[in-house]
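The values are calculated or read from the model by the stated rules, or taken from the named source; none is laboratory data. What you see is a predicted model, and the numbers here were worked out from it, not measured in a lab. Note: ideal-geometry Cβ built from the backbone for every residue, glycine included; neighbour counts use all protein chains shown.
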Amino acid sequence: MSIRQFQSIILNWYTKNGRHALPWRKTRNSYRILVSEIMLQQTQVDRVIRKYKEFLRAFPTPKALATASVQDLLKVWKGLGYNRRALNLQRAAQKIVHDFKGVFPKSIADIESLPGVGPYTARAVSAFAFNAPVAFIETNIRRIFIHFFFGNKKTVSDVDILPMVQKALWEKDPHQWYSALMDYGALAMKDINNPNRKSRHYTRQSRFEGSRRYARAKMLDYIMTRKSANLVLLHEYSLNDSFLEKYRSKESIRGILSDLAREGFIEIEDRKKTNTTNYKLKATSS
């Protein structure tokens, strides 16, 4: 198949079947596109749509997000999971405000310097916000290129795929091209045997319930709801949740709380008079 034929298949399908109404497709605002890209990491589109709108109502600008309390941030983020993304997004907003004087950076290097932003996200933001002709790979793009160009190979690396992504890039409108690719991979190919199983980068997402990530989320939610907590209260709370069985020892809870404090979610307050340690949300992630 020629590149021109491939482009025609993707773009013609997108014209008729694409998700043109997605809210982040209707904007070129780089901050809003960054918010959508961070939210869409490992999260289904349907769950993101409502939260994206809610988040931008609460934090319409980088400055509004940069100065928000952790309590308010996590309250709005609740339901999306992977809370670290929310904290990194706030830190990215703080860097935009402080280091870039409130102006969203345009170069790939500067975008990638934002906390929580890796090579894929930096290039996706650049393509969707600035219509930059940059090549990048995510799960739907990988699925398409393996299916169309690497069907006879048993294993495929992103090193093999990326040059084809660059070669096939529709430089006339990268924003539309990548929207089309992502929708084609997510919708047009949903009923075929997943080509990504041939990828050397393919992994199955582990079960959330009963995982350490689940325990972290539950402990953080408990502290957020009650403003503060101590080890005794968190241990008692864990006894009522069967999924916390592996993490209900006081040693395990201490380890989780230590991680949450190190990452900037909570702060530890030693109370000498009562000889107890209290845990509460930090004011901001800075």
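Couple of notes before you dig in:
- Any hit, segment 51-59, residues being surrounded by fewer than 20 Cβ atoms within 10 Å (Cβ to Cβ) and within 13 Å of the chain's Cα centre (by Cα): yes
- Of the residues contained in segment 157-177, one or more are found to be in contact with a strand residue (DSSP E or B) (Cβ under 9 Å, 6 or more places away or on another chain), outside any helix (DSSP H, G or I) and farther than 25 Å from Asn17 by Cβ.
- Residues being of a type outside the set (A, V, I, L, M) and part of a loop (DSSP other than H, G, I, E, B) - total across segment 72-92: 4
- Residues within segment 223-253 that are surrounded by 14 or more Cβ atoms within 10 Å (Cβ to Cβ), closer than 26 Å to Leu89 by Cα and not aliphatic (A, V, I, L, M), tallied: 1
- The single condition among (1) modelled with pLDDT under 90; (2) more than 30 Å from Thr284 (Cβ to Cβ) that Thr225 does not satisfy is (2).
- Looking at Val134, Val165, Val125, just one residue is under 30 Å from Asn29 (Cβ atoms) and in contact (Cβ under 8 Å) with a residue 60 or more places away in the chain, and that residue is Val125.
- Criterion applied to Ala135, Ala92, Ala122, Ala109 was being crowded, with 22+ Cβ neighbours inside 10 Å, more than 27 Å from Ser211 (Cβ to Cβ) and out of contact with any Phe, Trp or Tyr (no Cβ under 7 Å at 6 or more places or on another chain), and the one residue passing it is Ala122.
- Condition met for Ala66 (of a type in the set (Gly, Ala, Ser) and either surrounded by 15 or more Cβ atoms within 10 Å (Cβ to Cβ) or touching a helix residue (DSSP H, G or I) at 6+ places or on another chain (Cβ under 6 Å) (or both)): yes
- The set of residues from segment 82-100 being more than 19 Å from Arg216 (Cβ to Cβ) and either at pLDDT below 95 or within 16 Å of the chain's Cα centre (by Cα) (or both) comprises Ala92, Ala93.
- Of the set (1) buried (at least 19 other Cβ atoms within 10 Å of the Cβ); (2) without any contact (Cβ under 8 Å) to a residue 60 or more places away in the chain; (3) in the same structural domain as Tyr247 (by TED's automatic domain parsing), all apply to Pro174 but (3).
- Failed condition for Phe55, given (1) at pLDDT 95 or above; (2) within 29 Å of Phe149 (Cα to Cα): (2)
- Of the helices (runs of 4 or more DSSP H) contained entirely in segment 186-270, those carrying at least 3 residues that are out of contact with any helix residue (DSSP H, G or I) (no Cβ under 9 Å at 6 or more places or on another chain) fall at 250-263.
- Counting only helices (runs of 4 or more DSSP H) that sit wholly inside segment 1-60, those with at least 2 residues that are touching a helix residue (DSSP H, G or I) at 6+ places or on another chain (Cβ under 7 Å) and of a type in the set (Gly, Ala, Ser) are 30-40.
- Test: Leu260 is buried (at least 16 other Cβ atoms within 10 Å of the Cβ), farther than 21 Å from Trp77 by Cα and of a type outside the set (Val, Ile, Thr): no
Quick grid of which residues meet (1) modelled with pLDDT under 95; (2) among the aliphatic types (A, V, I, L, M); (3) touching a Gly at 6+ places or on another chain (Cβ under 8 Å):
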residue: Asp173; (1), (2), (3): no, no, no
residue: Met182; (1), (2), (3): no, yes, no
residue: Asn193; (1), (2), (3): yes, no, no
residue: Ala217; (1), (2), (3): yes, yes, yes
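- Test: residue in segment 137-151 that is outside the structural domain of Arg248 (by TED's automatic domain parsing), under 19 Å from the mean Cα position of the chain (by Cα), not charged (D, E, K, R) and not in a helix (DSSP H, G or I): yes
- Members of segment 93-117 that are in contact (Cβ under 8 Å) with a residue 24 or more places away in the chain and outside any helix (DSSP H, G or I): Gly102, Phe104, Lys106, Leu114, Pro115, Gly116, Val117
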